[in-house]
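Accompanying notes for the structure given below.
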Amino acid sequence: MARTPAPDPDAAGALAARALGFLAADSERLGRFFALSGLDPADVRAAAADPAFLPSVLDYVLADEKLLVAFAEQEGVSPDHVGVARRTLGGAPTEHWT
């Protein structure tokens, strides 16, 4: 099986930003993200300045297979690519999403 090539950090960050947009495009998805993350809509801008924020968005997407598949399909990438992008961003994974 072919490995998914690692995106550069800028491309991985852009994918994470698009994942946030994907969540924001649906009020139910966004509401669940806010509920599980403890964020308030007013806090998103400040949170986005934290280098750990975008990786945590990908952690959230990766923790829900249906969400992951839907996002990957929208982006035209494999679900594995999302995981590789997350690893490219570095840092410890956020494991409290469920």
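Could you please find all residues in segment 19-43 being within 20 Å of residue 74 (Cβ to Cβ) and either surrounded by fewer than 15 Cβ atoms within 10 Å (Cβ to Cβ) or over 13 Å from the mean Cα position of the chain (by Cα) (or both)?
Here is the first cut: in segment 19-43, the ones within 20 Å of residue 74 (Cβ to Cβ) are 19-33.
If the condition is that a residue be within 20 Å of residue 74 (Cβ to Cβ) and either surrounded by fewer than 15 Cβ atoms within 10 Å (Cβ to Cβ) or over 13 Å from the mean Cα position of the chain (by Cα) (or both), then 21, 24, 25, 26, 27, 28, 31, 32 are the ones that fit.
What pairs come up if the first residue lies in segment 3-24 and is farther than 11 Å from residue 81 by Cα, the second is at pLDDT 95 or above and surrounded by fewer than 15 Cβ atoms within 10 Å (Cβ to Cβ), and their beta carbons are under 8 Å apart, counting only those six or more places apart or on different chains?
What qualifies is 22/74.
Which residues, taken from segment 45-81, are outside any helix (DSSP H, G or I) and either at pLDDT 95 or above or buried (at least 16 other Cβ atoms within 10 Å of the Cβ) (or both)? Reasoning before the result, please.
From segment 45-81, those outside any helix (DSSP H, G or I) are 49-52, 63-64, 76-78; that's our starting set.
Hits for segment 45-81 are 63, 64, 76, 77, 78.
The values are calculated or read from the model by the stated rules, or taken from the named source; none is laboratory data. Small disclaimer: the values here were computed from a predicted structure and weren't measured. Positions of Cβ are generated from backbone atoms using ideal geometry, with glycine treated the same way; all protein chains shown enter the neighbour counts.
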